[in-house]
1. Hey, what did the chain get for relative contact order, percent, Cα under 8 Å, at least 6 apart?
2. Under 19 Å from a label point 7 Å along Cα→Cβ of Ser158: give me every residue in the range 9-26 with its amide N that close.
3. How many nm is it between the label spots at Glu60 and Asn181, if each spot is 7 Å from the Cα in line with the beta carbon?
4. What residues have an amide H closer than 5 Å to that of Ser90, excluding those fewer than 5 places away on the same chain, when H is modeled at 1.01 Å from N in the peptide plane?
5. The range 12-156: D in µm²/s via Stokes-Einstein (Kirkwood Rh, Cα pairs, 4 °C, 1.567 mPa s)?
6. Give me, ordered by chain and number, the residues 5 or more places off Glu161 or on other chains with an amide H under 5 Å from its own placed amide H.
7. Could you rank the peptides 40-48, 154-162 by their average count of other C-beta atoms within 10 Å per residue, with the highest value first?
8. Reachable aspartates and glutamates from Lys159, Cα under 20 Å, same-chain residues fewer than 8 places away excluded?
Amino acid sequence: MPEDRRIHLMNEADVRREVARMAREIVERNGGTDRLVLMGIHRRGTQIAALLQEEIEQAEGVSLPAGSIDITLYRDDLAAVGPRPVVGGSDLPPEGIDDRTVVIVDDVAYTGRTGRAALNEVSDWGRPSRILLCVLVDRGGRELPIQPDFTGRKVPTSKDEQVLVHLKETDGKDEVLLARNQ
């Protein structure tokens, strides 16, 4: 997409500020860090979960257990992905997730379908006491009744727009853009 069709929504400082705020909210809602687990959805959700983990460690002096999930096989549009979907590995923390508060982390919430797929996968691994959803950007447009518990920024969008999250680990810089499709 041409650069001139993109609008900057968040720069690096904005992204870091929102992650720091969400980290504080997660700890506050959980009443501390006891029995808390972060699970990032591949790819950028895992990177955002790592940023949250760093923030919580700096603030609380505790390194939270974390893992990652690949929802590929739980998607409801798997047939549209193709006959040979690329499936990455999921990584469960050594402590497990039973009787813990699991925070599923993703970059963007839109229809709710990714959240549903993540709920299904996490539920297949065990029985958490509670599951919460944390996203950097909520763009609205739900098709399923799944809402984030923690949101960095709400950005209402139309179907002809995209929210692009760029993170240093994969994209060289932290930023969020709004792209208008033609």
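Computed from the coordinates by the stated procedures, all read-outs in this text should not be read as laboratory data. This one's a predicted model, so the numbers in the text were calculated from it and none came from an experiment. All Cβ positions, even for glycine, are placed from backbone atoms using ideal geometry, and neighbour counts span all protein chains on display.
1. Details: 354 pairs, mean separation 46.5, N = 182.
Reported as a whole number, the value is 26 percent.
2. Of the residues in the range 9-26, 9 have backbone N under 19 Å from the label point off Ser158.
3. My value for the distance between the label points is 3.8 nm.
4. It is Asp70, by chain and number.
5. Working: Rh = 15.3 Å.
Once the numbers are plugged in, D ends up at 85 µm²/s.
6. So Glu161 has HN proximity to Asn181.
7. Details: 40-48: 22.7, 154-162: 12.8.
Per-residue Cβ counts within 10 Å, averaged per peptide and sorted highest first, yield 40-48, 154-162.
8. Glu3, Asp4, Asp76, Asp77, Asp106, Asp107, Asp138, Glu143
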